[in-house]
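**Q** Pasting in a structure now, in structure tokens, and then I'll have a few things to ask.
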Amino acid sequence: MLALIYFIILGVIAIGSAFCVLLSRHPLYGALSLVLSMLSLAGIYGLLASPFIGVVQVMVYAGAIMMLLTFVIMVLNGARDSKTPMFDRVSLFVVPAVLVLTGLVGFVLVRSPIAFDSTALRGSVKLTSETLFNVAQTGPGYFILFEVLGLLLLSSMAAAVLLAKKRLGSVDSDNAEDK
Amino acid sequence: MMNLPLWLIPLLPLVGTILLGAIAVISSGSKKGPSEGMVGFLAVLFPALAFVAVLLLAMGMPVDGIRGTLCNWIDIPLFKADFGFLFDGLSRIMLLFVTGIGALITLYSIGYMHGDRGFARFFAYINLFLFSMIVLVLGDSLLLTFLGWEGVGLCSYLLIGFWNKDVNNCKAANKAFIVNRVGDIGFLLGMLCLVTVGGAGILNYDALNAFIQMILTGGHVEIVLPILSLAGLLFFIGCTGKSAQIPLLTWLPDAMAGPTPVSALIHAATMVTAGVYLLARLGNMFALLPVVLFIITLIGLLTAFWAAMAGLFQNDIKKVLAYSTISQLGYMFMAAGVCAFDASIFHVFTHAFFKAALFLGAGAVIHALAGEQDMRKMGGMLKKTPVTACVMLFAFFAIIGFPGFAGFWSKDLILERLFMSGPLGPAFYVVGLLTAVITAVYMGRLIILTFFGSYRGSKESEEHIHEAPACMLIPMVILAIGAIFAGYFWADSLGITVFSDSLAPVVGAAQASVVHAGAHVNPLIFAGLGTLAALLGMFIALKVYGSARIPEAKGSSAPQGFKASWTFFFDSLHKYCGIIPVSVLAWICDVVVDKILQAIQWTVGAIATILGDGVSTFQVRKVRLQLAFSVACVAILVAVVLLTGGTF
Amino acid sequence: MELQAIYVQVLALAIFAIGLIVAISRRNVFFVLMGVELALNAVNLSFVGFAKTLPADMSVAGQIVPLFSIAIAAAEACVGLAMVILIFRNRESVDADTYSNMKG
Amino acid sequence: MLLHLLVLAPFVAAILMVATSKEDSKSSSRLAFLFGVTFFALSIALVAGGNQATEAIEWFRIPGCKGPVFYYLYSHGLGAWLVFLSCGLSLVALVTARNTFHKNYRNFAIGIFSLMGAMNGTFLSADAVLFFFFFEAMVIPAAVMIAGFGGKEKTKAAMTFAIYTLVGSAPMMVALWYLLTVADNSLLLSLAIALQSLPASTQFLILLSFLLAFLVKTPIFPFHGWQAITYAEAPAPLSAILTGAMSKAGVFGFIAWILPIFPLSMTTVNVMLWLGLVTAVYGGLMALRANDSKKLLAFSSMSHLGLAVAGVFSLSEAMLPAVLVLLIAHGISAGAQFFLMGIAERMTGTRDINLMGGLASRNPVFSTLFGFAAIMALAIPGTAGFVGEFTVLLSIWDMGPLPAVVAGFCLILSAAYMLRFVQKVIFGKAAREYEDGTRMTALEGSSIGVMVVLLLAFGFHPSCITTSLHLFDEDAIEEMSKLSGHDMNEAVTADSSNVEGIEADASSVESTEGSEASENASEEVRPMKEDELRQLDSTLAAAGFDEKERASIIQQMNATDAEQANAEATENE
């Protein structure tokens, strides 16, 4: 019962802040609303007996990613534009389509007989680390995936640096030198 | 001597062809061309050798002939054919004069073609022709005969269009080939017809005769008669094509566009008689088919009469001879039509001599006049070219059936057989006789216009008139001698029947099967009537053309090749029944059907393009819109899946 | 009235829908990125929610996969933002529609 | 090994050609020539070697289908001779292209080799999917080469060609896939068995979609829209290959795939026969009016192929060797004509026959060859074309005199258009003043000369072609049935526990599954016997002249089918 109440509160916050993302004019406000939404989701993870994911959610998502996003928004001053309309005619397509899709999927979901299993494991650090690194027990699959993920992050970092750095001889850098 | 293999005979000219062809191709690059002496020697050598081989074989031939199978040709289910040769009485006679006259005319051509750029090429063609002709008469199956049959047609095409710089010659050649092709398809379908009746091996002559014998003894004639008649008719169409009978005769006058020796060899002496040969060869079969025989007689009669009439109106010396050839071929068909196959072959034999002599003589005249072919510009050649004139005169007597000359014996024989052929015989006989009169008239006209009177050409050309060289004269003289004496091989009135005896094993059975119920008439009456006809014709010719005005030659007198001056209505008939319908059909295909198909193709293409354009308007530059569409479509898909209950 | 598994899923669905709408219908490129993040979050939630409906040994995957998905989201955000910076430099605009270089 | 070499090595050769220099056409042409000669020699070895097959290697499995797709090559007489055509024509194409494309010779050679590999694959594959794969793969190099080396309207021609042929075979792909979902595997035998289990209307639909692909490829009358423009715009050496070898794939499909798989109704056979004849007449008439020399040749080949298709659907006993000889004769002669036309185009700079003429005096050697090739196309007796057309006519005559008369009319037409063509191109006087282009080289001349000599040789000795025909001999059928039987057993062991029932005698098995299995087995036997029967027919026919035997082969097949069914029924009892 208590869990349900917490869930409703957190869920309402999550959805509400998600709406704020949708409706806010300035990206910075949107980003902050998104952080709020993510935090409340982290709470729900806790409710669902997955504290580790909740913590990772707070640290990586709400912390790192959103921080990066906010940083970039602030760095790019032009992000604050008032010319671009929030919605246009495309939205007329999108909103009903998504709503219909959601309705359909929701319809199916509601009819499906799912229920919590009491034997489901608690998503603790121990469980996670054992699954990931105890190769002898769970097989090498997750471990390899983990390593590959490391490579992916590394390469994305390199890509980001390469993409975002100012190239010598580019128009911008020339302009900068002129100034 | 008996060990001479049969395949040697066709092989010799084939070797000649290959050698001369190689020489022609190799020397085509050089300016001067190959040595004419060597080419001429090679060209004559192989036909002459073939003649010798035939002679040797003919001497020691057993009564029922020699058979030799070289190897298998086609062997598939339903059908089997060998390269086999059959040397019997019929092919012996045909081969003798084919190779003999062929060798003579080749010799003549050396003089005639002197200085021509395509000297070696010409003789390669001639040798190829002789090869095909030998295969035609020597083949022991219809298929092998067909090989020769189309082969001679091909050579005829090549030689008519020999001077291929003039497109008219090419057109004449095309016409000859295509008209012949129509006939050939008849032949082909006739063969298929026979295969249907008699099975895979039937095309062999021996097998065919055995089959016919089997039918006769078994009494199954009624059963196979319709399809055999069809086959017979189809074969006859083939014969009309090759032998220029109604309705496929218009190509022969045009074929005179070729060099004159070619006209002599191919379009008078040998190739055109292939149809008669085929009729005689299939005599046993034709003897069973009264309807077909009647058609053959009628066609032969009409052709003989019509061609004689047309011959009256020609001004080109070679065209006159061409029509006379058609007319004589008509005689041969008449004879074949009343089952007198030996008589028709006899006429082929004598005709080969005198017609070849006539053509060679005409060639000598044309040669002397440097290419002039219009009779209206000739005249008085008797003094200038006496040998040629004598040869022509003898041949003239032979063709009109002057007593004692070759044509007399054979033509009388045919007319006699015609008369006795049945209830319609006398009528046939009268028309035949009338034709003989007309023959004498137009041939007399030719002789008078060419050799008598005074020269009507230009003065400067008169000085160049000269007698032909010896290598041209020798063959002419030999042929003239043949034209005089060839008839004595079968002088019925004198009781000499060498010729018919030698043919009897082949065609005797067929002729015996058709019993003539006509009253027996003294042969001397026929001889007398024939002589009378010849004399009458000569008299008319003398009266009309000897003294009367000679029509003025108008316009160009160059050989007209494609355009025969007057062919009654057969050219128009071909035009309206053959060429125009095909052209219209082609036009419909090209302009109507093809355009419709293209329109359909275009419409489908256009619809696809429009649809594509329509779809591509959705492919806008807005990524978000694309995404929106895809989301909407996912929604639709999900809805479909839900509604159909997951059937897909 | 206990917390039902289906509630979690419905919540995830709602957030996913909002994320989708944000990602597609907003023209500001930052909102596009944020919409994607929101949708990813919803998916993670769905994973965890489903993991809880499975018996013990099978529920482990539901705990691990969201981790990977979060890591990938981090990589995606990293590269995505770099690209935004790059394009912004050239176009001086955050309107996603002006970025389009496709020939229609 | 030979089969693998012939199918795969051309692709390797194409890849190797990439390594050669693009600018230096000399060196690349030498390498290409070397490869070409090698493949030609291999194809001769294949023809001489008789029937052979490779190991069936499992290639992949299509989802939704029971059995695997094999990489399984099999050479019977028909395929081997067509491979001979494709290799030979490719070799000559490589030779003649040397003087035409100086710059891009390398790319041309790459295209030719990949086309050759695809064609060989088409003619040699024993697996339907493999066949289809190569059948489609042929189009791509050909279209690319047309687009790259063609005439003025090359893009349009390439598009038309590609779209027509690909769209034409699209229904076949669907039908094949559907058939595969029913069949045990994609070999001929199991397809034939599978087809029999389908309802008649489905069978007909599948037949139609198979037919369409081959009709378009051949091409047959209403579907010939791509042909004229493609052959006209393609570079002449490529046109020669297209008409000489690739268009044979259509006829090959009729013989090697349609006839064994589908039980054809009399109506279908008649319709196909008349379609073939109409094509033959139509092609002839169009050729009569064509002024573009290559279009003329295109229509002429359309006419000949129409005749060939009509011959195929005469279903006479003599059909197979007859059609094969016709195909080979046409392949070589039409190929030679296209090559010569390419040389003529190079010399005179035009394709319009009204603007040509007088080549006989300008270039006698060329004209001799040209005339020879035309004569070969006319089916003069003594050339291979005659043997082919005569025997095909013989087959068609089996269907009645009227079709044969129409076919005869085509032969007359062929004389008409071919002579007109020869007259306009090499005879007469030159229609206009022009600079001579590159003349025919000795190598070109001699290679085309060899083709002409080959035609003559086949004309006088066609038995080297006709005796090599054993479409499916016993070994191959055993192999095939072993493959399919093996798979069937596997499937059955997986499904039911009643394995012994299948291996045991059919009479001792009472259960429904057992009887089903025996039914399957008997069905598996039937088409095999059909093939044997056909072979038996062809060998027997030379001896039997009975009128009854001349009844159409359909009835025979039906009768024997019925007999067999009876026999099996008695066996089962």
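Just so you know, all these numbers are worked out from the coordinates, no wet-lab data involved. The structure displayed is predicted, hence computed values, not measured ones. Positions of Cβ are generated from backbone atoms using ideal geometry, with glycine treated the same way; all protein chains shown enter the neighbour counts.
**Q** Which value, to two decimals, describes the C-alpha radius of gyration of region A:1-80 once divided by 2.2 N^0.38 Å? Provide the component values of the computation, followed by the final result.
**A** Values: Rg = 13.8 Å, N = 80, 2.2 N^0.38 = 11.6 Å.
So the Cα radius of gyration is 1.19 times the expected 2.2 N^0.38 Å.
**Q** Further question: Relative to the compact-globule scaling 2.2 N^0.38 Å, provide the ratio for the alpha-carbon radius of gyration of region A:1-152.
**A** 1.32
**Q** Angle between the Cα long axis of helix B:406-419 and the longest principal axis of chain B, 0 to 90 degrees, nearest 10?
**A** 70 degrees
**Q** Quick one: angle between helix C:29-51 and the longest Cα principal axis of chain C, in degrees between 0 and 90, rounded to 10, please.
**A** Once rounded, the angle reads 10 degrees.
**Q** Just how far, in whole angstrom, is region A:1-72 from region D:248-286 if you go by their alpha carbon centroids?
**A** Rounded to whole Å, the Cα centres lie 71 Å apart.
**Q** Using 0.36 nm per residue, how much length does the chain from A:E147 to A:M67 gain when fully extended, once their Cα-Cα distance is taken away?
**A** Separation in residues times 0.36 nm, less the Cα-Cα distance, equals 26.3 nm.
**Q** State, to one decimal in nm, how far the label point of A:M74 lies from the label point of B:H114, with both points 7 Å from Cα in the Cβ direction.
**A** 11.8 nm
**Q** Suppose only helical runs count, i.e. DSSP H with n ≥ 4. What mean residue ellipticity at 222 nm does that imply for chain A under -39500 (n - 2.57) per run, divided by all residues and rounded to the nearest 500 deg cm²/dmol? Provide the component values of the computation, followed by the final result.
**A** Working: 9 runs with 127 residues, N = 179.
Computed ellipticity for chain A at 222 nm equals -23000 deg cm²/dmol.
**Q** Roughly what % of Cα-Cα distances in region B:37-112 sit above 21 Å, to the whole percent?
**A** Values: 1281 of 2850 pairs.
For region B:37-112, the share of Cα pairs beyond 21 Å comes to 45 percent.
**Q** Give me the one-decimal nm value for the distance between modelled label points at D:E153 and D:A457, 7 Å along each residue's Cα-to-Cβ direction.
**A** Result: 4.0 nm between the two label points.
**Q** Let me have the 222 nm mean residue ellipticity of chain B computed from DSSP H runs of 4+ only, each contributing -39500 (n - 2.57), with the sum over all residues rounded to the nearest 500.
**A** -22500 deg cm²/dmol
**Q** While we're on this one: Please arrange A:L34, B:L86 by how many other C-beta atoms lie within 10 Å of their C-beta, fewest to most.
**A** B:L86, A:L34
**Q** How big is the Cα convex hull of region D:102-141 in projection, averaged over all directions, in nm²?
**A** 2.5 nm²
**Q** Then there is this: Can you give me the three principal axis dimensions of chain B from its C-alpha atoms, in Å, biggest first?
**A** Over chain B, Cα extents along the principal axes are 111, 72, 50 Å.
**Q** Per residue of B:584-597, count partner chain C-beta atoms within 10 Å of its C-beta, then hand back the mean as an integer.
**A** Mean shielding count: 4.
**Q** If we count other beta carbons within 10 Å of each Cβ, what is the order of B:E460, C:E92, D:E389, fewest first? If you can, show how the numbers build up before the last one.
**A** Values: B:E460 7, C:E92 11, D:E389 29.
Going from least to most buried by this count: B:E460, C:E92, D:E389.
**Q** Can you sort B:R417, D:R61, B:R67 so the residue with the fewest Cβ neighbours within 10 Å comes first?
**A** Working: B:R417 26, D:R61 12, B:R67 15.
Ascending Cβ contact count within 10 Å gives the list D:R61, B:R67, B:R417.
**Q** Name the residues whose placed amide hydrogens come within less than 5 Å of the amide hydrogen of B:L249, ignoring near sequence neighbours (fewer than 5 apart) on the same chain.
**A** Excluding prolines and chain starts, which carry no amide H, there are no hits.
**Q** Across every pair of different alpha-carbon atoms, what Kirkwood hydrodynamic radius in Å does region C:5-95 reach?
**A** Every distinct Cα pair counted, the radius reaches 14.3 Å.
**Q** Another question, if that's okay. Report Rg(Cα)/(2.2 N^0.38 Å) for region B:574-644, keeping two decimals.
**A** Normalised by 2.2 N^0.38 Å, the Cα Rg of region B:574-644 equals 2.25.
**Q** Order B:105-116, D:298-309 from most to least packed using the mean count of other Cβ atoms within 10 Å. Let's see the in-between values first.
**A** Values: B:105-116: 22.5, D:298-309: 28.6.
Those peptides, ordered most packed to least, come out D:298-309, B:105-116.
**Q** Could you list, bin by bin from short to long, the percent of Cα-Cα pairs of region B:289-568 in 5 Å steps?
**A** In whole percents, the pair-distance histogram is 1, 6, 13, 17, 18, 15, 11, 8, 5, 3, 1, 0, 0.
**Q** Across peptide A:17-28, what mean number of C-beta atoms from other chains lies inside 10 Å of a residue's C-beta?
**A** Mean inter-chain Cβ contacts per residue within 10 Å come to 5.
**Q** In nm, to one decimal, how far is the modelled label at A:L154 from the one at B:C577, with both set 7 Å along Cα→Cβ?
**A** With each label point 7 Å from Cα toward Cβ, the separation is 9.4 nm.
**Q** Averaged over its residues, how many other protein chain Cβ atoms are within 10 Å of peptide D:397-409's Cβ atoms?
**A** Other-chain Cβ atoms within 10 Å of each residue's Cβ, averaged: 3.
**Q** Sticking with this one: Please compare each pair in B:K319/B:K377; B:K384/B:K459; D:K26/D:K154 to a cut-off of 24 Å on the Cα-Cα distance and tell me which ones are over it.
**A** Violating the 24 Å Cα-Cα cut-off are D:K26/D:K154.
**Q** A further question on this structure: Anything over 31 Å Cα to Cα? Flag those among B:K595/D:K429; D:K103/D:K295; B:K165/B:K318; B:K171/B:K411; B:K383/D:K429; B:K165/B:K383, in the order listed.
**A** B:K595/D:K429; B:K171/B:K411; B:K383/D:K429; B:K165/B:K383
**Q** Related question: Relative contact order of chain B, please, whole-number percent, based on alpha carbon pairs below 8 angstrom and at least 6 residues apart.
**A** Once divided by the residue count of chain B, the mean separation gives 13 percent.
**Q** If you take every residue apart from A:S50 with its C-beta less than 9 Å away from the C-beta of A:S50, what net charge results, scoring Lys and Arg +1 and Asp and Glu -1?
**A** Values: positive: A:R122, C:K52; negative: none.
Residues near A:S50 contribute +2 overall.
**Q** By how many degrees, between 0 and 90 and to the nearest 10, does the Cα long axis of helix B:36-59 differ from the longest principal axis of chain B?
**A** Approximately 70 degrees, to the nearest ten.
**Q** Kindly provide the Kirkwood hydrodynamic radius of the protein assembly as shown in Å, to one decimal, from all pairs of distinct alpha carbon atoms.
**A** With all distinct Cα pairs of the protein assembly as shown included, I get 38.3 Å.
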